[in-house]
């Protein structure tokens with residue numbers, strides 16, 4: 001889920017200043033993105049399964065649980081800030097009077113969600129590296 005999250009974050013600087021008409025045109029690219037609910041469910045189930053399987057290995061389970069918490073936080077952010085904007089604008093098909101305020105809420109909540117997904121991925125990388133025996137974790141650069 002890091003890919004779609006970063007897509008939102010990287011496009012923010014280009015989109016945040018667009019005039020109303022252009023912004024509503026650009027927002028059409030997100031039609032069908034609700035299909036990302038499936039990989040999100042897979043992400044959460046995979047993380048929960050991993051945490052269960054490594055529950056006896058503290059060095060692995062702690063960053064895995066942190067990854068789960070970051071993913072859940074990104075979802076909380078989405079449902080608290082992004083989704084209400086989608087409802088208010090009927091997925092950016094209705095131009096409301098307060099569209100600019102809604103745009104800022106939508107864009108910045110997505111950026112914060114991307115940051116949380118980056119933190120989740122970072123924790124997962126740490127968990128994966130922590131599985132290596134200590135002798136394999138030493139790095140030699142030539």
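If you check residue 92 against the conditions, is it on the phi > 0 side of the Ramachandran plot and over 12 Å from the mean Cα position of the chain (by Cα)?
Details: on the phi > 0 side of the Ramachandran plot: yes; over 12 Å from the mean Cα position of the chain (by Cα): yes.
In short, yes.
I'd like the residue in the range 116-141 that is in contact with a helix residue (DSSP H, G or I) (Cβ under 9 Å, 6 or more places away or on another chain), surrounded by fewer than 14 Cβ atoms within 10 Å (Cβ to Cβ) and part of a helix (DSSP H, G or I) and, out of all such residues, is modelled with the highest pLDDT.
Filtering the range 116-141 for residues in contact with a helix residue (DSSP H, G or I) (Cβ under 9 Å, 6 or more places away or on another chain) gives 116-131, 137.
If we keep only those that are surrounded by fewer than 14 Cβ atoms within 10 Å (Cβ to Cβ) too, we end up with 125, 128-129, 131, 137.
When the remaining residues are screened for being part of a helix (DSSP H, G or I), the result is 125, 128-129, 137.
Numbers: 125: 95, 128: 92, 129: 92, 137: 53.
Per the stated criteria, the residue is 125.
Identify the residue in the range 29-57 that is part of a loop (DSSP other than H, G, I, E, B) and touching a residue at least 40 places away in the same chain (Cβ under 8 Å) and, among all such residues, is surrounded by the fewest Cβ atoms within 10 Å (Cβ to Cβ).
31
Could you check the range 18-28 and list, in sequence order, the residues that are assigned to a loop (DSSP other than H, G, I, E, B) and either under 20 Å from residue 71 (Cβ atoms) or touching a residue at least 60 places away in the same chain (Cβ under 8 Å) (or both)? Walk me through how you get there before you give the answer.
Taking the range 18-28 first, the residues assigned to a loop (DSSP other than H, G, I, E, B) are 18-19.
Scanning the range 18-28 gives no hits.
Which residue out of 71, 118 is within 20 Å of residue 11 (Cβ to Cβ) and in contact (Cβ under 8 Å) with a residue 60 or more places away in the chain? Let's see the steps before the verdict.
On the way: 71 fails: within 20 Å of residue 11 (Cβ to Cβ).
Sole residue among the options that is within 20 Å of residue 11 (Cβ to Cβ) and in contact (Cβ under 8 Å) with a residue 60 or more places away in the chain: 118.
In this structure, is residue 2 in contact (Cβ under 8 Å) with a residue 60 or more places away in the chain, closer than 16 Å to residue 108 by Cβ and within 20 Å of the chain's Cα centre (by Cα)?
On the way: in contact (Cβ under 8 Å) with a residue 60 or more places away in the chain: yes; closer than 16 Å to residue 108 by Cβ: no; within 20 Å of the chain's Cα centre (by Cα): yes.
Considered against the rule, which asks whether it is in contact (Cβ under 8 Å) with a residue 60 or more places away in the chain, closer than 16 Å to residue 108 by Cβ and within 20 Å of the chain's Cα centre (by Cα), residue 2 comes out as no.
The values are calculated or read from the model by the stated rules, or taken from the named source; none is laboratory data. Nothing here was measured: the structure is a model prediction, and the numbers come from that model. Using ideal geometry, Cβ is built from the backbone for each residue, glycine included, and neighbour counts are taken over all protein chains shown.
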